[in-house]
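In what follows, a structure is listed as structure tokens, so that the remarks can point back to it.
The values are calculated or read from the model by the stated rules, or taken from the named source; none is laboratory data. Everything quoted here is computed from the prediction, not taken from an experiment. Glycine also receives a Cβ, built like all others from the backbone with ideal geometry; neighbour counts cover every protein chain displayed.
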Amino acid sequence: MSSIPWPFPKPGDLFGALQAKTNRRVRRWARQRQGMDAATTRLRPGRVYILPTGVGLIFGLMTFAMLLGSMNYNNNLSFVLTFLLIGVGFVAMHQCQRNLVGLELMFAGADPVFAGQPIRVRIAITNTSKSARHDIRLYADRSMSETADLAAGESKVFVLPIATAERGWVRLERFGVRTLFPFELFRAWAWLHMDIRGLVYPAPAMEPPEPPPTLLAHGHRQHDARGEEDFAGLRRYHPGDSPRQVAWKAFARSGQVLSKQFSGADTSSQWFEFDAIPVADVEMRLSILTRWIIDADRKLEDYGLRIAGIEFAPSHGDAHRRRCLETLALFNKEDD
Amino acid sequence: MARPRGTDGSLLSSLPWTLGALAISIAPHVPYMPFWITGAFAGCAAWRYLIEKRRRSLPSSWVRGALALACFLGVFATYSSISGVGPGSALLAIMAALKLLETRKRRDQFVLLFISIFLVMSSLLREQYLWSLPYMIVSLAIIMTAWLRLAAAPEVTARESFATGGRLLAYAAPLALVMWVFFPRLATPFWAVPIDTSRASTGLSDTMSPGDISSLSLSDEVAFRVRFDGEIPAPRDRYWRGLVLTRFNGRSWTAREPSVSTAAQKEIHVAGDPIEYQITLEPTRQQWVFALDMPLSVSLPRSFMGPQQQIARSTPIDQRVAYEAVSFVDYRVEVDLPELFRKWYSELPADTNPRTREFAQRLRAAATDEQAFIDAVLQMFHDEEFFYTLEPPPLGSNPVDRFLFDTRRGFCEHYASAFSVLLRSAGIPTRIVLGYHGGELNPMGGHLIVRQSDAHAWTEVWLAGVGWVRIDPTAAVAPERIEYSTSDATRDGIGETWGFSAPSRLMHRLTLTWDALNAKWNDWVLGYGPEKQSDFMKLLGMHEPNWRKMMLTLVGLVVALVMLISLLLMLRYRPPARDPAARLYARFVRRTGLDPVIGETAIEFARRAQRETQIPGVTIDAVTSAYLDARYGPHGDAACARLATAVSAVA
């Protein structure tokens, strides 16, 4: 069957467009009404919205049918049942809203990820009240957190995974917190507009060119009888240091994990230069640099980075890695 | 397309409660449903539970489809209809059973809970006993708990869910009460659907064949309760008119289908004071409406008077009904009966009961007039060897002949029938009235209880110039049956001579108390209709109640109550009060004028305050040490008092 192009938008599309438009409008309205939220925000009653769910609508229809039946048969006991259910509906509505009001939400950080990985935004929710809160969940446009209960006085970290596509800062303009407690008849929710952003590193290249050759900076070798290099001092332990390097005695004394440094050690270092990569595409170059940094870091090699006038001398460790990757992530991006 | 059928035990926390909710809502239907439906539900419930417990797979759609087909065919075969409470609740039970077998996710159980609510509702349509209310509330609490279990976090125990469900139900109770009291009641229904056609009717049959069924119901079941506005009539006047039998075929008397007769009421001429009373009639699933002989008006909607002054409703009485009636003990009915009707009322089939007819004609010839003849017949019942017994011998093909001349043992039906046949043989119009006679006064409730065992049959005789006259031939045989009712006898001291022992009297009193409670329940809860509601509104001070005023009151009260509940919930979720030491210290911090830094200890803050404020160092130290003692020291209260004085020293 050949498909004839329909000159008008399909009703489904039309409805979708209308819905999207309404959503945008509601979004703007809520943002204007509520303003920007502080990093720690307590939910006031005025900003907790509530609407019946599908189950709630069915429940409403059912109680209406029961009311008609009771009226028809003039049956006073089924009137009691019907009115009890209607009463439960009213109570559920208020219970549902109160289940959110007074919660304290705090942005608790988001660790950087590579583009394409979901960034895990952490939101700590604190129940400062005397009673437990049930069935709490965070959600954003296309994601949601786990559902959890909060005992009286309890604080829990909810994780909201946000999909990422490109490097740079990713912002979470708005997220919501919702509850369906007690009977899923109503859905109470609140929108929060906090200054939440997380850093996205460039995606590591899949098939990078060979990294530039390693320059071996030979120390003056003075092997002692045991064949080891000269002891040069202690530095903080980096993950990946060999257990033999750890200064166990110092650890026993001070409780700090330190690694022994030797001056005569071979230090291999390599320079990763943005301009030296024989690829035209800027993003591709950044991806390749990212891949090289990850690999070097994994192999515990020292590396340096030169990019657009910024230079990080060859080094290693988490801080160095983070500095380098941050620079790549924000290269030529408006720092906002 | 096959949906996944495996189970993972994730329903184990909610499924038992859902099953419990279904079980408790199906239980009241069990006596009315065919056994196989209960069996099917129990089987499916147990099966589904075991599947979840052992993490098996749900039955395939073939199995479920076959089961569904079999069950629905079974329901249609049993009921041959799907309207009404009986088949409706059977279908709901079957649907619940089948739905269980395809319930895989937690949310699927919503449907099951909705079904159980409908089952509770339909059980209330069927019967409304005193205990139906507490039972309904318990059922609802279980359903609410099951509902909460659907989404409960794993750490929430069932007991907590039950407490939450109970709490929400308790909040809803005052709302329900207000709505129940103020929701305007309708006088007439929108449409009439039979409540339950699957149950046999109780009470009186509309044919009477003395001698066929040779025993009388002695059921203690209540037929109806009567509350009189004034004096309660004497036992001999307590004839409760029901249906009237006019046709005799030689063996049995039959009533005609009830039909409206506008003339019937006009034929009643009354004298004396009216007797006003309310009757609460238990469901009979028949059309007959009972009232004290002779009723002039009955307030039951859709009821009417038939040609023989019998009262009926256009639809069977399938629920308890309450109505007010006005009767007169002193009355005359149809003084001018046309010749045609006189003939019709004295018709007898030829060739039956020949001895009776011959005997009657002989007796009539010997008597001077009709009255003398009737007296002679009654005298015969009284003087000769006739016995009143509830278990008479069977009578065979000419029952009246055999009764009058051979067995001479029977109860009211036998005497009424024989008496009528004798009078008709002499050309006197007669008809037989079925109803109740007597009734026991319940001293606790002040009302009269009429039981099924009070069922009675008597005769009405048409006399020229007088009209229809009630003559009860049973009274001629066993006057005590008419003068006292059996239960009256126990109260009048006759009980002692008959050997009632003390425990049985206590039992009797308990029964009467229970009956009085039931009567109050019927009156105030079940009988809360348009009139009672209007009376109650006036009692509450509403001027000329109408539905608009009641709705406005309802809305106002509901809004007020909902606000109260909201306040209650707000208090429930307020933060715990800070301890006094923290409050005092916060006051101190405010007075220093410094902003506390997150993570700063009291000692660090004191150091900063020493540096940056003009407050004397001694005061700062006093406050800080008192605060630390109050928070962490062994004598918190004493330190708190010290803290208060120290803080007040800070300007």
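Points to keep in mind about this one:
- Scanning the range A:55-97 for residues that are facing chain B (nearest Cβ under 7 Å) and among the aromatic types (Phe, Trp, Tyr) turns up A:Tyr73, A:Phe79, A:Phe83, A:Phe90.
- The residues listed here are B:Phe162, B:Phe118, B:Phe110, B:Phe114; of these, the one that is among the aromatic types (Phe, Trp, Tyr) and not assigned by TED's automatic domain parsing to the domain that holds B:Thr38 is B:Phe162.
- Counted residues, the range A:103-124 - those being assigned to a strand (DSSP E or B), closer than 16 Å to A:Val48 by Cβ and either charged (D, E, K, R) or within 14 Å of chain B (Cβ to nearest Cβ) (or both): 1
- Matching residues in the range A:124-168 - criterion: being over 17 Å from A:Val101 (Cβ atoms), of a type in the set (A, V, I, L, M) and in contact with a Phe, Trp or Tyr (Cβ under 8 Å, 6 or more places away or on another chain): A:Ala124, A:Ala140, A:Ala148, A:Leu160
- When restricted to residues that are assigned to a helix (DSSP H, G or I) and either modelled with pLDDT under 85 or among the β-branched types (Val, Ile, Thr) (or both), the range B:73-83 contains 5.
- Count of residues meeting criterion [within 21 Å of B:Ala151 (Cα to Cα), more than 8 Å from chain B (Cβ to nearest Cβ) and part of a loop (DSSP other than H, G, I, E, B)] in the range A:125-143: 2
- Candidate set: the range A:78-102, residues that are of a type in the set (S, T, N, Q) and assigned to a helix (DSSP H, G or I); chosen: the one farthest from A:Met36 (Cα to Cα): A:Ser78
- Within the range B:430-447, tally of residues that are more than 24 Å from B:Thr284 (Cα to Cα) and either buried (at least 23 other Cβ atoms within 10 Å of the Cβ) or β-branched (Val, Ile, Thr) (or both): 1
- Take the conditions (1) more than 8 Å from chain A (Cβ to nearest Cβ); (2) surrounded by fewer than 20 Cβ atoms within 10 Å (Cβ to Cβ); (3) under 30 Å from B:Phe536 (Cβ atoms); (4) touching a residue at least 40 places away in the same chain (Cβ under 8 Å); B:Leu186 misses just one of them, which is (1).
- Count of residues meeting criterion [at positive phi and part of a helix (DSSP H, G or I)] in the range A:281-336: 0
- The range A:144-166: number of residues that are within 14 Å of chain B (Cβ to nearest Cβ) and part of a strand (DSSP E or B): 6
- Residue that is surrounded by the most Cβ atoms within 10 Å (Cβ to Cβ), among those in the range B:304-333 that are of a type in the set (S, T, N, Q) and within 21 Å of the chain's Cα centre (by Cα): B:Gln319
- Check on B:Ala163, more than 8 Å from every other protein chain (Cβ to nearest Cβ) and crowded, with 22+ Cβ neighbours inside 10 Å: no
- Residue check for B:Arg241: basic (Lys, Arg) and modelled with pLDDT under 90: no
- Qualifying positions in the range B:255-286 - outside any loop (DSSP other than H, G, I, E, B), of a type in the set (Ser, Thr, Tyr) and exposed (fewer than 15 other Cβ atoms within 10 Å of the Cβ): B:Thr262
- Number of residues in the range B:308-327 that are touching a residue at least 60 places away in the same chain (Cβ under 8 Å) and outside any strand (DSSP E or B): the value is 8.
- Residue within the range B:373-380 that is of a type in the set (Asp, Glu) and more than 28 Å from B:Ala271 (Cα to Cα) present: no
- Complete set of residues in the range B:519-561 that are under 17 Å from B:Ala322 (Cα atoms), in contact (Cβ under 8 Å) with a residue 12 or more places away in the chain and away from every other protein chain (no Cβ under 14 Å): B:Ala519
- Comparison of B:Ser139, B:Ser116, B:Ser123, B:Ser132 shows that the only residue that is more than 10 Å from every other protein chain (Cβ to nearest Cβ) and either in contact with a Pro (Cβ under 9 Å, 6 or more places away or on another chain) or more than 11 Å from A:Leu77 (Cα to Cα) (or both) is B:Ser116.
- The set of residues in the range A:15-37 that are farther than 21 Å from A:Arg142 by Cα and out of contact with any strand residue (DSSP E or B) (no Cβ under 9 Å at 6 or more places or on another chain) comprises A:Gln32, A:Arg33, A:Gly35, A:Met36.
- Residue ranges of helices (runs of 4 or more DSSP H) in the range B:84-152 with at least 2 members over 25 Å from B:Phe35 (Cβ atoms) and among the β-branched types (Val, Ile, Thr): B:132-151
- Selection within the range B:346-399 - among the basic types (Lys, Arg) and either in contact with a helix residue (DSSP H, G or I) (Cβ under 6 Å, 6 or more places away or on another chain) or under 26 Å from B:Ser453 (Cβ atoms) (or both): B:Arg355, B:Arg357, B:Arg364
- Residue check, B:Ala322 closer than 22 Å to B:Ala519 by Cα, at pLDDT below 90 and assigned by TED's automatic domain parsing to the domain that holds B:Met444: yes
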